[in-house]
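A short worksheet on the structure shown next.
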């Protein structure tokens, strides 16, 4: 089946990116982008990720010193945007330093709902989809155009630098222009714009969801804190290799992915000519199909106690009948998320260092937090917490 339903290709002179490219071009994009997401690249990129986690922890200590209540969700977004900004564009957005979103990111966030409506129109009444721009408020159209202009400007600024640093463009350019399969400048711009938001917002979402469920389940939180604080004697020991060995941490994130998958709608496909059989049923050609993750992950057929937050289901024999293989938050097959390993590095390092440095208290009145609207990604609300720094000799 072919992938479909991505962002409009009109944003970058008709250029597609790895998510919305057709099958043939997807292979070309993925082959060139894969160098930026290899294990070798990840080892070199870890130092970039670590410096932003250092700043993240520093800023949280500053907030904790004033005994203030903060929205941990916003701070996760600041950290992941800064990290992906550096990895994708070779520059920080300075969200952590300035405690605010860069204007480009604010525009990117506001454009998500527009993208949803454009995709709906394109699928249901394709002849009317060009009219959406005429129906949108002028403010929205202007903002969308400015977002594209800034995307190009930021990418061009990085392309103009003659430097060798372990960011995405270094690896892409190193392999690019070696033949007919090269990415054009417009395609590079489109991919950079897509990677920064897709990679940062999804990681911030799973960090936020995980933190919320941990704070709602004190026994789980205590068990995870014990694993982290008994494994390490200093933060210097926390690297990608070390945190990947924390068995309960992995289980906690798996359970958070199950109850709060960042991209709940999954990846849509289009049935090829002639139709096909899916789960014993004939589906006509041209039909848009996909597997929404929340219904699959909360189905009694797949999981025992499906609505409960139980990380032990990923480690204990008492939940051995669970259909664990159905959990695919990064999708599977040739369209699976290319940035999966970077996401794992970020989320595990951030959570380890957060729980190493602080005890967290969830503020009252947030019982309904998981009840959110979905526009490709969750429209997550604030998670208000108080931080208590851990005193060590």
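Just a few scattered comments:
- Matching helices (runs of 4 or more DSSP H) fully within region 65-140 where at least 2 residues are at pLDDT 85 or above: 72-89, 95-98
- Residue in region 263-270 that is at pLDDT 95 or above, assigned to a loop (DSSP other than H, G, I, E, B), over 23 Å from residue 391 (Cα atoms) and under 23 Å from the mean Cα position of the chain (by Cα) present: no
- Scanning region 300-319 for residues that are assigned to a loop (DSSP other than H, G, I, E, B) and under 22 Å from residue 212 (Cβ atoms) turns up 303, 305, 306, 307, 308, 309, 310, 315.
- Residue list for region 313-329, restricted to those being loosely packed, with under 15 Cβ neighbours inside 10 Å and in contact with a helix residue (DSSP H, G or I) (Cβ under 8 Å, 6 or more places away or on another chain): 315, 318, 324
- Of all positions in region 167-180, at least one carries a residue that is in contact (Cβ under 8 Å) with a residue 12 or more places away in the chain and in a loop (DSSP other than H, G, I, E, B).
- Scanning region 37-51 for residues being crowded, with 19+ Cβ neighbours inside 10 Å and either part of a loop (DSSP other than H, G, I, E, B) or modelled with pLDDT under 90 (or both) gives a total of 0.
- Residue within region 262-274 that is free of Cβ contacts under 8 Å to residues at least 24 places away in the same chain and surrounded by 15 or more Cβ atoms within 10 Å (Cβ to Cβ) present: no
- Region 283-305 residues that are free of Cβ contacts under 8 Å to residues at least 12 places away in the same chain, paired with ones that are surrounded by 14 or more Cβ atoms within 10 Å (Cβ to Cβ) (beta carbon under 7 Å, 6 or more apart): 299/306; 300/306
- Conditions (1) in a loop (DSSP other than H, G, I, E, B); (2) touching a residue at least 24 places away in the same chain (Cβ under 8 Å); number of the one not met by residue 365: (2)
- The listed residue being buried (at least 19 other Cβ atoms within 10 Å of the Cβ), under 30 Å from residue 51 (Cβ atoms), in contact with a strand residue (DSSP E or B) (Cβ under 7 Å, 6 or more places away or on another chain) and modelled with pLDDT of 95 or more, out of 350, 385: 385
The values are calculated or read from the model by the stated rules, or taken from the named source; none is laboratory data. Just so we're clear, the structure is a prediction, and the values are computed from it rather than from any experiment. All Cβ positions, even for glycine, are placed from backbone atoms using ideal geometry, and neighbour counts span all protein chains on display.
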